[in-house]
Amino acid sequence: MKEKGASWEKVAHHLVNDNASDVELADRLESTPQFVARVRADLGMAKFPRPLKPQMQPVAEVFAAHTVAVGDHLQWSGRTTRDGTPVFSNLETAYRVAFRLEHGQEPQGLVRVACTFPRCVRGAHLTDRVMREARREVPA
Ligand SMILES: [Zn+2]
């Protein structure tokens with residue numbers, strides 16, 4: 001049984017010599033994008049075009065690239081709001097990201113700096129509502 005249009009070998013040959021997108025190669029070889037994608041996978045080649053959602057750089061790396069250690073504290077060198085709040089992305093402050101990286105979970109409520117360094121983004125120096133409430137309950 002033959003595949004419609006180009007054979008596996010032919011598609012493979014074109015993939016190796018001219019790594020065009022699935023759609024483009026399928027069109028050129030009278031094959032289907034699905035078949036080209038399969039041959040590509042058989043060859044152990046990366047998907048092309050890449051999945052719509054690009055592989056994001058790990059958050060921890062992006063975060064680390066925007067911080068500077070100041071003693072035991074961590075200063076944010078990335079974007080800030082007008083009032084100086086460190087901003088990680090359009091969705092999150094650096095505080096929330098730092099907290100999540102440190103604790104492996106989403107902060108509950110507002111994240112506050114618990115040390116003396118202004119706007120410190122060291123995860124261990126941040127608290128969320130749950131932590132503040134827990135501390136309040138500990139007898140002094
Ligand atoms: Zn600190």
query: So if we plug the beta-carbon distance of ARG129 and GLN57 into 1/(1 + (r/R0)^6) with R0 = 25 Å, what FRET efficiency do we get, rounded to 0.05?
result: 0.25
- line: Most exposed to least, judged by fewest other Cβ atoms within 10 Å, GLU137, GLU102 sort to GLU137, GLU102
query: What length, rounded to one decimal in nm, is gained on full extension from LYS47 through to SER89, with 0.36 nm per residue of separation minus their alpha-carbon distance?
result: 12.4 nm
statement: Expected sort for ARG79, ARG40 with the fewest Cβ neighbours (10 Å cutoff) up front is ARG79, ARG40
Residues HIS103, HIS14, sorted so that the one with the fewest Cβ neighbours within 10 Å comes first: HIS103, HIS14
- request: Would you calculate, for the chain, the mean residue ellipticity at 222 nm contributed by helices, counting each DSSP H stretch of 4 or more residues as -39,500 (n - 2.57) and dividing by all residues, to the nearest 500?
  value: -10500 deg cm²/dmol
Spatial extent of the range 1-112: Rg and Dmax, with the Cα atoms as the point set, Å: 23.1, 69
- request: Pop the C-beta distance of THR116 and THR81 into the FRET formula with R0 = 22 Å and round what comes out to the nearest 0.05.
  value: 0.55
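Values in this text are rule-based calculations from the coordinates and carry no lab data. This structure is a prediction, so every number in the text was calculated from the model and none was measured. Glycine also receives a Cβ, built like all others from the backbone with ideal geometry; neighbour counts cover every protein chain displayed.
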